[in-house]
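Only one structure is covered here, and it is reproduced in the block below.
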């Protein structure tokens, strides 16, 4: 190749002419090279684009065919499943699955209820056992504390001496009293030791005797005298005919006001009632003795001596004399002061 300016032969790949020193036109060289080879400038890219276009069209045809085949398979399968009733089965299956937890919940709830009932039943059974044990302990306490309460008969004649009475003191030391040893066949006391009951009931046709002695306290705050008068009114309404009474008129040095009532329990006048009722402004103190009396008009029967001893042994009766002998009772001898 020669320089276009001076005609000097140029070395291969020279950038400047060695003859004139001017820059060689490489574009022309490239142009000549292209003309010599007769290849267009964009032939490579054109061929490459053509190849890529053919590949794209081929891939596009394959993708479209695959999608069409896939859709045909899916639609055919869906139609087959629909014709076989598959949707209903799916719904039924889902319904069953959703109902299983509910049934399990129901079973669980029933199980919980059963467990709760068992717990409650167990608790109730335990409480019953506790109550039975408690009652058993109370009865054992009663048997050990309340002696002479297992008599087979009511023997009034064996209770004609102060030594024939058993003294009891309340657990809180609020009162004391004594009961005849040979009169009762049952006795009980509450857990607090503030309520005592003794009774006798004949269990044969030849023995119809009945007797009961109750000694207890109860809350009743207020004016002692007024409370004692209310007690008098209440007990007076319970008896049939009063043979002896002491209406509350004062409060003694111990702060107590009291009433005494001797009466018949009913119109037969074969059952006597003796009542001591007192109040100290906080509590009522009650003694009520119901007993068989063959002759209410005679005040010197053996049972009347028993009543006299019950009165003298009672700490809240207001009596000032010690228990006396039966002979002193018959002789109207008041005996010794306390």
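List of remarks:
- When each of 233, 218 is tested for being modelled with pLDDT of 95 or more, assigned to a strand (DSSP E or B) and exposed (fewer than 13 other Cβ atoms within 10 Å of the Cβ), the lone residue that passes is 218.
Quick grid of which residues meet (1) under 40 Å from the mean Cα position of the chain (by Cα); (2) on the phi < 0 side of the Ramachandran plot:
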{"residue": "277", "(1), (2)": "no, yes"}
{"residue": "281", "(1), (2)": "yes, no"}
{"residue": "284", "(1), (2)": "yes, yes"}
{"residue": "290", "(1), (2)": "no, yes"}
{"residue": "297", "(1), (2)": "no, yes"}
{"residue": "301", "(1), (2)": "no, yes"}
{"residue": "306", "(1), (2)": "no, yes"}
{"residue": "312", "(1), (2)": "no, yes"}
{"residue": "315", "(1), (2)": "no, yes"}
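- Residue check for residue 290: within 25 Å of residue 208 (Cα to Cα) and in contact with a strand residue (DSSP E or B) (Cβ under 9 Å, 6 or more places away or on another chain): yes
- Residue in region 188-209 that is farthest from the chain's Cα centre (by Cα), counting only those that are assigned to a strand (DSSP E or B) and surrounded by fewer than 15 Cβ atoms within 10 Å (Cβ to Cβ): 207
- When residues of region 162-172 are limited to those that are surrounded by fewer than 14 Cβ atoms within 10 Å (Cβ to Cβ) and in contact (Cβ under 8 Å) with a residue 12 or more places away in the chain, the one farthest from the chain's Cα centre (by Cα): 167
- For the residues 273, 310, the requirement of being buried (at least 18 other Cβ atoms within 10 Å of the Cβ), farther than 27 Å from residue 336 by Cβ and modelled with pLDDT of 95 or more singles out 273.
The values are calculated or read from the model by the stated rules, or taken from the named source; none is laboratory data. Because the structure is a prediction, the values reported are computed rather than measured. We place every Cβ from the backbone using ideal geometry, glycine too, and count neighbours over all the protein chains shown.
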